[in-house]
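Undergrad: Okay, here's the structure, questions in a sec.
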Amino acid sequence: MTNQMKNIEKLVYAQTLLCCFLFVQLKAQPQNATFRNLASAQGLPVTSVTDIDQDAFGFIWIASWNGAYRYDGRSFKKISKNDGRYLNADKKGGMWITFDSSVGYYDAYADSIREYRIPNADRYGDLRVDNAGEVWVATLEGLLRFDQQKNLFVRDDRQRSGQTNRLLASAAGVLVFHFIDKSNQQRFIGKRNLKGNYEYELYPKDLNREGKDDYFKNAHQFFILPKDSTGMILVNDFGWAYKSFDKTNWTFKRLPKNEMIPASSDIKADPLGNLWLNHIDTLTKINIVSGNKIAYVHDATNPKSILPFRSQLFGCEMFFDKQGILWIPRFTHGISRLNLFENDFGLLLDESGSPIIDVLSTHESSDGSFWIGSRIPNNGLIHFSADRKIIKRYGAKSFESPPGKTISKDLSHPFPWALAESRDGSIWVGGGHPGPQMGGVSRIRPGTDLITRFKNDPNDVTSIIGDWNSLIRVDGSDRVWLFSRQGMCFIDPATEKVTRWKKEQF
């Protein structure tokens with residue numbers, strides 16, 4: 001591998017670290033938060049929302065008692081007919097959907113669902129995709145793993161016989177679940193480590209209950225949550241406890257003045273050390289270490305407050321998306337969305353004065369202007385001046401564009417996933433969409449309205465190697481590197497010649 005390739009790898013790694021650092025450094029939302037609500041008036045086709053997820057292409061999925069829907073930011077497409085209560089995205093662009101006693105897999109490229117029977121299924125059992133891409137289902141007889149070769153779910157070896165539920169997959173690759181031993185009905189915290197070995201740990205005595213000798217699990221409500229990638233958190237009516245996977249001692253915490261945890265439909269932990277509780281007419285944030293809390297309460301006179309929520313229905317799952325937005329199902333009313341790290345102050349505004357949301361990419365040019373790529377159909381790429389005025393918008397009228405190299409006034413694809421700049425000031429835009437032959441790369445030259453578009457042509461080995469390019473980098477020789485699922489290639493801006501990367505050539 002040459003120094004050029006090593007420098008590219010270092011650049012990609014450094015930028016990834018920078019994104020993680022910026023995410024951690026962002027400030028928490030103030031108490032006068034602005035919620036952006038999605039209800040029937042905004043086109044939400046169903047308000048009995050039970051779960052939300054985001055696929056590898058960036059689309060938001062909404063599960064409900066009336067089926068699963070895919071949302072592109074403007075319109076909804078119903079994917080499963082009359083069922084689909086919970087969702088789990090994989091890294092291939094597909095979506096696993098939990099039905100009553102089975103699960104379905106939606107293949108984005110085939111645009112179809114294949115349903116799998118689950119032996120000894122629990123109704124709407126927990127399904128998780130771990131960080132290695134393995135798919136797991138909790139059942140009345142233990143954990144099942146999806147065997148790709150057999151194309152069915154099989155019981156994993158080495159585990160005890162018993163019931164599993166409340167399954168979670170930690171970022172460290174550890175599976176955690178609630179386990180009921182079949183022989184004596186005793187309750188345990190089950191763990192499966194990276195080597196495939198199982199451990200069963202008794203729940204701790206609940207030190208949040210003074211003068212009582214009771215286990216943490218024995219409470220009206222009970223949640224198991226991941227603690228970043230290092231451990232887990234237990235939450236019940238009396239407080240919470242947390243520890244690392246490699247430790248034996250728990251740290252116990254509760255609210256000041258021995259206040260009880262409100263009955264919640266769901267509780268989630270964010271990367272900044274907070275618990276988020278979805279409960280009647282309120283969303284509550286609690287700091288895991290200090291116990292300090294902020295409550296966001298529905299206000300019928302304020303359309304930017306959180307939607308009402310009258311039910312204590314367990315199982316309405318909240319979701320953190322890739323842009324740092326918390327999606328909060330408010331059963332029978334719709335979905336409230338909260339940007340955890342910003343309020344409207346400082347956000348870029350469009351011509352109507354509304355904040356630009358669902359941003360996919362950003363780039364600051366050498367002349368001080370900057371570019372924002374968003375998932376806004378037709379004109380999602382916006383060029384701003386240094387004083388935050390819109391210079392021009394770019395977009396595409398269709399998800400389809402011709403293969404090979406073409407010239408147009410439109411981008412090759414409406415969604416600008418990646419942005420980069422070569423020495424002559426050209427902006428390179430990478431696009432992509434769930435479906436083959438959708439995406440490509442567009443070159444916007446300074447001082448012209450014409451855009452050069454590059455797409456894969458199966459009959460031309462000198463075309464770019466793949467169409468969904470979510471990462472573009474420019475190296476020290478001004479070569480524009482494109483990274484797709486099919487491989488890497490680079491374009492020489494001077495000649496626009498495409499070179500497909502082969503390891504033996506470098």
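Undergrad: I'd like to know if segment 151-170 contains one or more residues that are touching a residue at least 24 places away in the same chain (Cβ under 8 Å), open to solvent by 40 Å² or more (accessible area, probe 1.4 Å), part of a loop (DSSP other than H, G, I, E, B) and in contact with a Pro (Cβ under 9 Å, 6 or more places away or on another chain).
TA: No, the conditions are met nowhere in segment 151-170.
Undergrad: Can you work out which of the residues in segment 36-80 that are of a type in the set (Val, Ile, Thr) and assigned to a loop (DSSP other than H, G, I, E, B) is nearest to Leu360 (Cα to Cα)?
TA: Top of the filtered list is Ile79.
Undergrad: I'd like to verify a number: residues in segment 175-229 that are among the hydroxyl-bearing types (Ser, Thr, Tyr), touching a strand residue (DSSP E or B) at 6+ places or on another chain (Cβ under 9 Å) and either at positive phi or open to solvent by less than 90 Å² (accessible area, probe 1.4 Å) (or both), how many?
TA: 3
Undergrad: Identify all residues within segment 236-283 that are part of a strand (DSSP E or B), under 26 Å from Tyr200 (Cβ atoms) and either open to solvent by 20 Å² or more (accessible area, probe 1.4 Å) or of a type in the set (A, V, I, L, M) (or both); write none if there are none.
TA: Ala241, Tyr242, Ser244, Thr251, Phe252, Lys253, Ile267, Lys268, Ala269, Leu275 - these are the residues of segment 236-283 that are part of a strand (DSSP E or B), under 26 Å from Tyr200 (Cβ atoms) and either open to solvent by 20 Å² or more (accessible area, probe 1.4 Å) or of a type in the set (A, V, I, L, M) (or both).
Undergrad: Somewhere in segment 454-462, is a residue among the hydrophobic types (A, V, I, L, M, F, W, C) and in a loop (DSSP other than H, G, I, E, B)?
TA: yes
Undergrad: If you scan segment 466-498, which residues turn out to be at pLDDT 95 or above, of a type in the set (Lys, Arg) and not in a strand (DSSP E or B)?
TA: Arg479
Undergrad: Could you please let me know if Lys81 is within 23 Å of Ile376 (Cβ to Cβ), exposed (fewer than 15 other Cβ atoms within 10 Å of the Cβ) and modelled with pLDDT of 80 or more?
TA: It is false that Lys81 is within 23 Å of Ile376 (Cβ to Cβ), exposed (fewer than 15 other Cβ atoms within 10 Å of the Cβ) and modelled with pLDDT of 80 or more.
Undergrad: Any residue in segment 122-133 that is under 15 Å from Gly190 (Cα atoms) and either of a type in the set (S, T, N, Q) or assigned to a loop (DSSP other than H, G, I, E, B) (or both)?
TA: For segment 122-133, residues under 15 Å from Gly190 (Cα atoms) and either of a type in the set (S, T, N, Q) or assigned to a loop (DSSP other than H, G, I, E, B) (or both): present.
Undergrad: Looking only at residues in segment 181-194 that are under 26 Å from the mean Cα position of the chain (by Cα) and part of a loop (DSSP other than H, G, I, E, B), which one is nearest to Asn131 (Cα to Cα)?
TA: Selected residue: Leu194.
Undergrad: Does Asp107 qualify as being open to solvent by 20 Å² or more (accessible area, probe 1.4 Å) and in contact (Cβ under 8 Å) with a residue 60 or more places away in the chain?
TA: So Asp107 does not fit the description; no.
Undergrad: What pairs come out if I take residues in segment 391-404 that are part of a strand (DSSP E or B) and pair them with residues that are among the small types (Gly, Ala, Ser) whose C-beta lies under 9 Å away, six or more apart or interchain?
TA: Listed pairs, sorted by first residue: Ile391/Ser369; Ile391/Ser385; Arg393/Gly380; Tyr394/Gly380; Tyr394/Ser442; Gly404/Ser463.
Undergrad: For segment 318-342, which residues satisfy the criterion of being within 18 Å of Leu360 (Cβ to Cβ) and in a loop (DSSP other than H, G, I, E, B)?
TA: Asp321, Lys322, Gln323, Gly324, Phe341, Glu342
The values are calculated or read from the model by the stated rules, or taken from the named source; none is laboratory data. Note that the structure is predicted; figures quoted are calculated from it, not measured. Positions of Cβ are backbone-derived with ideal geometry, glycine not excepted, and every protein chain shown enters the neighbour counts. Areas reflect the complete protein model, heavy atoms only, side chains present, ligands, DNA and RNA absent. Shrake-Rupley method; radii C 1.70, N 1.55, O 1.52, S 1.80 Å.
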